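Take a look at the structure set out below.
The values are calculated or read from the model by the stated rules, or taken from the named source; none is laboratory data. All values reported here derive from a predicted model rather than from experimental measurement. Neighbour counts run over all protein chains shown; Cβ positions are idealised from the backbone, glycine included. These area figures cover heavy atoms from the full protein model, side chains too; ligands, DNA and RNA do not enter into them. Shrake-Rupley method; radii C 1.70, N 1.55, O 1.52, S 1.80 Å.
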Amino acid sequence: MLRQQYIGGFQRGMPAAPDGTCAGSASGEAGYAESAAAASRHASAAICSGVCHGTLGELLQGPYEHDGELHIGLISLPVRKYSWMHFTPGEAGDIEAELAGKDKCRRAIELYLRHYGKRLPAGRWSHDSELLLGKGMASSTADLVATIRCLDRIFGLHSPAPVIAALLREIERSDSVFLDTHALYLSGRQEIVRAFDAPVRLHACYIDEGGTVETEKVAHPLLAHYQRNLAAYRHNLDRAIDAFARHDLRRICECSTRSAELAQGVIAKRHFEVLLERQRDFAADGIVVAHTGSLLGYLFIARPDPARMGELSSFFRGLGHQCRFAETGL
């Protein structure tokens, strides 16, 4: 049985003592410090927060046949970078101003309240993110999932994966960042085809080639490209599923490289060929790209040592880009 566990947020902190009093008999400066700490705990306990990780593109993206139709299927590469949504209850707020430019998040709030039959209390929203917009880091979906998890904290609920998927389905083509496993996922249907229980931890050295990609606008060109290259995509998908089942990290990286190569026919990366040519020089195990974004880089099963990191940095700087290093996985 494939394990699926869904995380709704962090545990609340302990509330401060009633009426701001301090425990014990502390007095003077020590008592003041303890009172300040208690006030801080009380303030942080009142704030409701939701968090969601993003992705570093996809290990695989390609066609998946369902009910006689081709759909965009993907196996995302989770990265330890995050989006946050916060709500401070009790304060007069202006959601239009606080979440300006976050129309999809406001839509998620509306859908959530309708689904659960709730009314939002007075309060203020705030947001932060480490995820670059339009680059292939699932920034939009991570914002939405962080919003849903924040709402769960507000109302003391726990939205299971099917509910989150249903809410996302009403808003956008999405990624699988609300899962705690790698999965073959249909982005348009918000449907899990297959979850892979074994953890996959890899290390990446990547760059941003610049520009942004709007996922919704490239869906039709992608599907047309898939139709023209169906046999190659099917073969790579079969190999990837088998590699995940066997927890064969080397083959997973090879499938990622092949998926990136196939994607050159529709959303090409300018530096893909030179990365492929130099892959052995850096002992990289594979190449990863954001198939509908602007990121690409090398994958390593073992973390590169400082000397190798320096070599990679020199190489990418020679291409005119600053590289970044990240650990991937859940």
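Lysine pair count for the chain (Cα-Cα distance under 29 Å; residues 8 or more apart in sequence or on different chains): 16.
When Rg and Dmax are taken over the Cα atoms of the stretch 106-209, they come to 15.1, 45 Å. The angle between the Cα long axis of helix 249-263 and the main principal axis of the chain comes to about 70°, on a 0 to 90 degree scale. From the residues 56, 76, 315, which one has its Cα farthest along the dipole of the chain in the positive direction, the dipole being from +1 and -1 charges on Cβ of Lys/Arg and Asp/Glu about the Cα centre? Of the candidates, 76 comes out farthest on the positive side.
Under 5 Å from the amide H of residue 182 lie the amide H atoms of 196, each residue being 5 or more positions distant or on a separate chain, with H modelled from the backbone and absent for Pro and chain starts. Compute the angle between helix 306-318 and the longest alpha-carbon principal axis of the chain, please, reported from 0 to 90 degrees and rounded to the nearest 10. So the inclination is approximately 70 degrees. Accessible surface for residue 189 stands near 80 Å², nearest 10, in the context of the full protein assembly shown (1.4 Å probe). Taking the C-alpha atoms only, the angle from helix 103-116 to the longest principal axis of the chain is near 70 degrees. In the chain, if the dipole is taken from +1 on Lys/Arg beta carbons and -1 on Asp/Glu beta carbons about the Cα centre, which of 249, 144, 125 is farthest to the positive end? Going by the charge dipole, the pick is 249.
The residue among 226, 207, 185 whose Cα reaches farthest toward the positive pole of the charge dipole of the stretch 159-228, with charges on the beta-carbon of Lys, Arg, Asp and Glu, is 226.
Annotation: extensible slack from residue 95 through residue 128 equals 10.4 nm (criterion: 0.36 nm per residue apart, minus Cα-Cα distance). Between residue 166 and residue 214, the contour length at 0.36 nm per residue exceeds the Cα-Cα span by 15.1 nm. Computed extension gain for residue 88 through residue 201, at 0.36 nm per residue and net of the alpha carbon distance, reaches 37.2 nm. The stretch 241-303 and the stretch 130-180 have Cα centres spaced 26 Å apart. The charge dipole of the chain, taken about its Cα centre with unit charges on the Cβ of Lys, Arg, Asp and Glu (plus for the first two, minus for the last two), comes to roughly 340 debye. Here the chain is treated as a sphere whose radius is the Kirkwood value from Cα pairs; by Stokes-Einstein at 37 °C and 0.692 mPa s it diffuses with a coefficient of 153 µm²/s. A probe of 1.4 angstrom, applied to the heavy atoms of all protein chains, finds residue 269 with accessible area near 10 square angstrom. About its Cα centre, the dipole of the stretch 119-221 is roughly 300 debye, where the only charges are +1 on Lys and Arg Cβ and -1 on Asp and Glu Cβ. Compactness ratio for the stretch 63-128: Cα radius of gyration over 2.2 N^0.38 Å (N = residue count) comes to 1.60.
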